[in-house]
Amino acid sequence: MAFALTDEQKLLKESVDRFVERDYDFEFRTRLAGSEDGWSARNWSRFAELGWLGVPFSEELGGYGGGPVEAGLIVEGLGKGLAVEPYLWTVILGGGLLARAGRIDVLEGVMGGSVQLATGFAEPGSRYTLSNVATSAAQNDGDWLITGQKAVVFNAPSADYLIVPARTGGGQTEAVGITLFLVPADAKGVEMRGYRTMDGSRAAEITLSGVKVGGGAVIGDVDNGMTLLEQAIDTATAVVCCEAAGVMQALVVQTQNYLKTRKQFGVPLSTFQVLQHRMAEMFIHKEQTQSMAYMAVVRAAGDDAHEAAKAVSAAKAYAGEKGRLVGQEAIQMHGGMGITREMPVSSYFKRITMIETLFGNVDHHLDRFADISAAERAGA
């Protein structure tokens with residue numbers, strides 16, 4: 001497939017790259033990650049002013065008519081700067097779910113920068129199976145009472161609303177019978193234990209004890225929320241592969257610059273042939289990850305969910321395996337100082353390691369790709 005950016009996409013990519021280069025150096029990022037919120041509200045307002053928060057949404061929903069490709073370009077650029085703002089969780093995943101359900105009421109706040117979202121798609125013991133949902137919701141005089149637990153809910157400490165998949169029918173692992181609810185983060189019965197993750201992000205364990213919400217809290221159709229969730233997760237996975245490409249790009253550049261300045265036996269390390277070969281492999285892995293990530297976001301923008309799922313799993317499996325390899329090579333070629341907190345490569349390595357586990361690790365997506373391919377052969 002030929003892939004070339006349009007003029008508008010090139011301008012978008014350049015604007016994000018300029019922002020990261022001029023206003024998001026590593027020292028600034030480190031201060032933000034160590035702050036109480038873990039990200040900058042000022043930057044978020046700037047994202048809104050630049051239109052980045054509305055880029056992935058259609059004009060009918062009040063957005064700028066972009067989609068997964070444009071979102072991927074933004075996140076790839078933010079990945080180069082290791083940005084800590086919750087673009088993935090509020091705009092891509094949470095906003096994507098609201099957009100698919102036509103919830104313009106809350107989506108307007110997301111695009112305007114006044115609303116933060118978090119999605120509790122994982123539960124204790126569910127691993128990467130989205131349909132393994134024990135959290136339940138029961139109707140009571142037109143309202144819903146939600147009870148259960150959600151694990152590793154990214155951006156929950158800053159969220160205004162939680163998107164909660166809950167079982168309204170079927171067995172615990174069945175895809176049918178899951179409904180999505182929009183729950184105010186400060187609703188009575190919501191208990192949250194926040195913490196920092198390995199890469200400096202914020203997440204929380206959430207307990208819902210008879211949380212009462214009205215009928216308007218339902219996102220989409222009752223019992224059919226899994227279709228919305230699967231498509232939104234696939235899009236978010238494709239976009240996070242673009243972030244992986246951005247992180248890998250930064251690792252390649254930082255390692256290359258280090259080898260040019262560090263000397264041994266009176267000559268730069270970059271003159272050693274074995275290190276040149278290793279740098280070439282790092283570059284190739286980055287280029288291939290970027291290529292497969294672009295393919296994934298293009299497929300995610302299409303109407304064929306089956307083809308999208310296959311492309312997403314292929315990209316995520318490759319990005320997870322090669323991203324970790326590139327990170328390890330960067331650490332090794334920086335020597336012992338590569339693991340210190342002061343060196344940027346250590347933080348980039350932590351992020352690429354986190355990306356490997358987000359929305360399914362390498363083994364999960366290899367299995368998923370194999371299952372999709374087997375189903376295709378069986379149906380041929």
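The values are calculated or read from the model by the stated rules, or taken from the named source; none is laboratory data. Just so it is clear, the model here is predicted, and its values are computed rather than measured. Cβ coordinates were reconstructed from backbone atoms using ideal geometry, including for glycine residues, and neighbour counts include every protein chain displayed. Calculation scope for accessible area: heavy atoms of the full protein, side chains included, ligands and nucleic acids excluded. Shrake-Rupley method; radii C 1.70, N 1.55, O 1.52, S 1.80 Å.
Structure above, values below:
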quantity: Most to least accessible of 173, 30 (protein chains only, probe 1.4 Å); calculated: 173, 30
quantity: For the chain: accessible area per residue (Å², 1.4 Å); calculated: 44
quantity: Candidate lysines for bridging to residue 10, where Cα separation is under 19 Å - those fewer than 8 sequence places away on the same chain excluded; calculated: 80
quantity: Computed over region 259-380: relative contact order in percent, which uses C-alpha pairs under 8 Å that are six or more apart; calculated: 22
quantity: Volume in Å³ per residue [convex hull over Cα atoms, computed for region 227-380]; calculated: 109
quantity: Semi-axis lengths (Å, descending) of the ellipsoid that matches the C-alpha gyration tensor of the chain; calculated: 36, 23, 20
quantity: Selection of trypsin sites (Lys or Arg not before Pro), region 255-345, meeting DSSP coil and at most 16 other Cβ within 10 Å; calculated: 262, 341
quantity: Per-selection Rg to Rh, region 70-228 - Cα, Kirkwood hydrodynamic radius; calculated: 0.96
quantity: Extended-chain gain in nm, criterion 0.36 nm per residue less alpha-carbon gap, residue 337 and residue 160; calculated: 59.7 nm
quantity: Dipole axis of region 228-329 (+1 Lys, Arg; -1 Asp, Glu on Cβ), positive-most option in 228, 248, 293; calculated: 248
quantity: GluC sites (Glu not before Pro) within region 297-348, DSSP loop, no more than 10 other Cβ atoms inside 10 Å; calculated: 342
quantity: Total charge dipole magnitude, the chain, about the Cα centre, Cβ charges on Lys, Arg, Asp, Glu only, Debye to nearest 20; calculated: 1400
quantity: Extension gain (nm, one decimal) between residue 5 and residue 272, 0.36 nm per residue minus Cα-Cα; calculated: 92.5 nm
quantity: Among 26, 41, 54 - extreme Cα towards positive end, dipole of region 24-63, charges at beta-carbon; calculated: 26
quantity: Cα→Cβ-extended label distance, 7 Å offset, between residue 104 and residue 325, nm; calculated: 4.8
quantity: Charge dipole of region 117-214 about the Cα centre (unit charges at C-beta), most positive-ward option of 157, 140, 195; calculated: 195
quantity: Residue 175-residue 261 pseudo-label distance in nm [points 7 Å out on the Cα-to-Cβ vector]; calculated: 5.2
quantity: Fraction of antiparallel bridges per DSSP, the chain only, in percent to nearest 5; calculated: 85
quantity: Whole-Å distance, taken between Cα centres, linking region 268-321 and region 137-180; calculated: 34
quantity: Carbon plus sulfur fraction of accessible area for the chain, probe 1.4 Å, in percent; calculated: 50
quantity: Over 26 Å between alpha carbons, listed pairs 322/350; 188/350; 150/322; calculated: 188/350; 150/322
quantity: Kirkwood-Stokes translational diffusion coefficient of region 1-151, alpha-carbon pairs, 37 °C, 0.692 mPa s, µm²/s; calculated: 190
